[in-house]
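The values are calculated or read from the model by the stated rules, or taken from the named source; none is laboratory data. Keep in mind the model is a prediction, meaning the values are calculated, not measured. Positions of Cβ are generated from backbone atoms using ideal geometry, with glycine treated the same way; all protein chains shown enter the neighbour counts.
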């Protein structure tokens, strides 16, 4: 055998062995309960509901008037946990109907942004300094 032929055969064997080893990764499967499936779906629905509120033109105008960038608000809503989104939606549902609910939503989002600024997760308002 020539050295180049030996190198090619060795390289081919090593490549085949590495491909076989990669395809034998262990797989895990588990049962998903109805409660878990419903909770995941509810989280998606809650997030979509909150995101749809940010699409309202009147809310966007109020947020801009307060100095909040709409894209940052959308990003923040996208980064909330399912529990946080559910809690915000519950608070929104308990607000009275009409003009007060709009103001309540606005105040709630404003408070969330102030809290996230204080925690250092966002930097929206220059007057809020992160907690050290």
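Among the residues of region 44-51, is there at least one that is assigned to a helix (DSSP H, G or I) and at pLDDT below 80? Step through it out loud before you land on a result.
Let us first name the residues in region 44-51 that are assigned to a helix (DSSP H, G or I), namely 44-51.
If we keep only those that are at pLDDT below 80 too, we end up with none.
No, region 44-51 has no match at all.
Cβ-Cβ under 9 Å, sequence separation 6+ or interchain: first residue in region 26-47 and under 12 Å from residue 82 (Cβ atoms), partner in a loop (DSSP other than H, G, I, E, B) and at pLDDT 75 or above. Which pairs?
As it stands, the answer is 43/81; 47/80, since those pairs meet every condition given.
Can you work out which of the residues in region 54-78 that are free of Cβ contacts under 8 Å to residues at least 12 places away in the same chain and part of a helix (DSSP H, G or I) is nearest to the chain's Cα centre (by Cα)? Give the derivation first.
Of the residues in region 54-78, the ones free of Cβ contacts under 8 Å to residues at least 12 places away in the same chain are 55-57, 60-61, 64-65, 71, 75.
Then drop every residue that is not part of a helix (DSSP H, G or I), which leaves 57, 60-61, 64-65, 71, 75.
On the way: 57: 23, 60: 20, 61: 24, 64: 22, 65: 26, 71: 14, 75: 8 Å.
Checked region 54-78; the qualifying residue nearest to the chain's Cα centre (by Cα) is 75.
Restricting region 79-119 to residues that are modelled with pLDDT of 80 or more and assigned to a loop (DSSP other than H, G, I, E, B), which is surrounded by the most Cβ atoms within 10 Å (Cβ to Cβ)?
Checked region 79-119; the qualifying residue surrounded by the most Cβ atoms within 10 Å (Cβ to Cβ) is 80.
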